Amino acid sequence: MNDYNKNLEKNSANFIPLTPISFLERTSDIYPNYEAVIYKKRIYTWKQVYERCIKFASALEKHGIKLGDTVSIMAPNIPELFEAHYSVPMTGAVLNAINTRLDSKTVTYILKHADSKVLIVDRQFHTIVKKALRDLNKKILIIDIDDKQADLKDSEKIGELEYESFLNEGKSNYVWKRPADEWQAISLNYTSGTTGNPKGVVYHHRGAYLMSTGSATAWNMPNRLNFLYTVPMFHCNGWCYPWTLAMLHA
């Protein structure tokens, strides 16, 4: 046996699975009072974002969400979608961000194919989502995002739960779950379905971590930059920038 194979097994002292969730944990600890998210009149620091994600993850687990479950979200680029990139995988579940431009038939297909246990949805999409849920023929947990600052007069209630109320069901001392294997799935995205039904594409924790660091290096992005989000977060997880920004304390 090669000597390099002796007594050099992985252990907690020399190895830890890569996950981009660690970026948020570190930044909230080192730069707790730096502004993290600015959306209209809402401003959250990195500490507040981390605390909100912890509580939402706790609430998801309280409602039965566990390792390997799929949690879908249909929303524009708002704080709730940013938070879902952390809170959902904190439970071991997989985030599925749905394209907001799809029709109800395609949304139904994705919810079925992904075997979604939860749908977090902005109420502005009530018409499409209500029809999609009628065609789904199974009950899933619906969490409404009531974006009052968007001033959408035609938005309607979809489910019985509302995002902020749901978040406040969670515990602030919840201990999030680091993946046992960095190849564990972190997100499930779908192609646009231009030649048939959309195809599912799985990202793992390692890939998301490396993409986040690679983007920062390739574009020579500095710490504490101001980032105007234009790429939809439902598109390839916004090129993984929701995780990159936490790494850069942006």
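Things to note:
- Matching entry among Thr27, Thr45 (being in contact (Cβ under 8 Å) with a residue 40 or more places away in the chain, surrounded by 14 or more Cβ atoms within 10 Å (Cβ to Cβ) and within 25 Å of the chain's Cα centre (by Cα)): Thr27
- Count of residues meeting criterion [buried (at least 22 other Cβ atoms within 10 Å of the Cβ) and touching a Pro at 6+ places or on another chain (Cβ under 8 Å)] in region 105-133: 2
- Restricting attention to region 73-89, the residues that are under 17 Å from Glu162 (Cβ atoms) and either touching a strand residue (DSSP E or B) at 6+ places or on another chain (Cβ under 7 Å) or of a type in the set (Phe, Trp, Tyr) (or both) add up to 8.
- Of Ala75, Ala93, all but one fail to be crowded, with 21+ Cβ neighbours inside 10 Å, in contact with a Ser or Thr (Cβ under 8 Å, 6 or more places away or on another chain), free of Cβ contacts under 8 Å to residues at least 40 places away in the same chain and not β-branched (Val, Ile, Thr); the exception is Ala93.
- Cβ pairs under 9 Å, 6+ apart, first in region 1-16 and surrounded by 10 or more Cβ atoms within 10 Å (Cβ to Cβ), second of a type in the set (Lys, Arg): Ile16/Arg178
- All of Leu111, Leu67 fail the test of being farther than 22 Å from Thr230 by Cα, among the aliphatic types (A, V, I, L, M) and part of a loop (DSSP other than H, G, I, E, B), apart from Leu67.
- Total residues in region 54-72, condition out of contact with any helix residue (DSSP H, G or I) (no Cβ under 7 Å at 6 or more places or on another chain), among the small types (Gly, Ala, Ser) and surrounded by 17 or more Cβ atoms within 10 Å (Cβ to Cβ): 1
- Test: residue in region 170-181 that is of a type in the set (Val, Ile, Thr) and closer than 21 Å to Lys55 by Cα: yes
Quick grid of which residues meet (1) exposed (fewer than 14 other Cβ atoms within 10 Å of the Cβ); (2) touching a Phe, Trp or Tyr at 6+ places or on another chain (Cβ under 7 Å); (3) farther than 20 Å from Tyr86 by Cβ:
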position: Ile143; (1), (2), (3): no, yes, no
position: Lys148; (1), (2), (3): yes, no, yes
position: Glu156; (1), (2), (3): yes, no, yes
position: Asn173; (1), (2), (3): yes, no, no
position: Ser187; (1), (2), (3): no, yes, no
position: Asn197; (1), (2), (3): yes, yes, yes
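- Of the numbered criteria (1) over 22 Å from Ala246 (Cα atoms); (2) touching an Asp or Glu at 6+ places or on another chain (Cβ under 9 Å); (3) among the charged types (D, E, K, R), the one Glu156 fails is (2).
- Ile128 being of a type in the set (A, V, I, L, M, F, W, C), more than 28 Å from Asp181 (Cα to Cα) and at pLDDT 95 or above: yes
- Strands (runs of 3 or more DSSP E) (entirely within region 115-210) containing at least 1 residues that are free of Cβ contacts under 8 Å to residues at least 12 places away in the same chain: none
- Scanning region 233-245 for residues that are buried (at least 18 other Cβ atoms within 10 Å of the Cβ) and on the phi < 0 side of the Ramachandran plot gives Met233, Phe234, Tyr241, Pro242, Trp243, Thr244, Leu245.
- For region 17-59, the candidate set comprises residues that are outside any loop (DSSP other than H, G, I, E, B) and hydroxyl-bearing (Ser, Thr, Tyr); within that set, the residue that is nearest to Glu162 (Cα to Cα) is Ser58.
The values are calculated or read from the model by the stated rules, or taken from the named source; none is laboratory data. Treat the numbers as computed from the prediction; the structure is a model and nothing was measured. In this analysis, Cβ positions are derived from the backbone assuming ideal geometry, glycine residues included, and neighbour counts consider all displayed protein chains.
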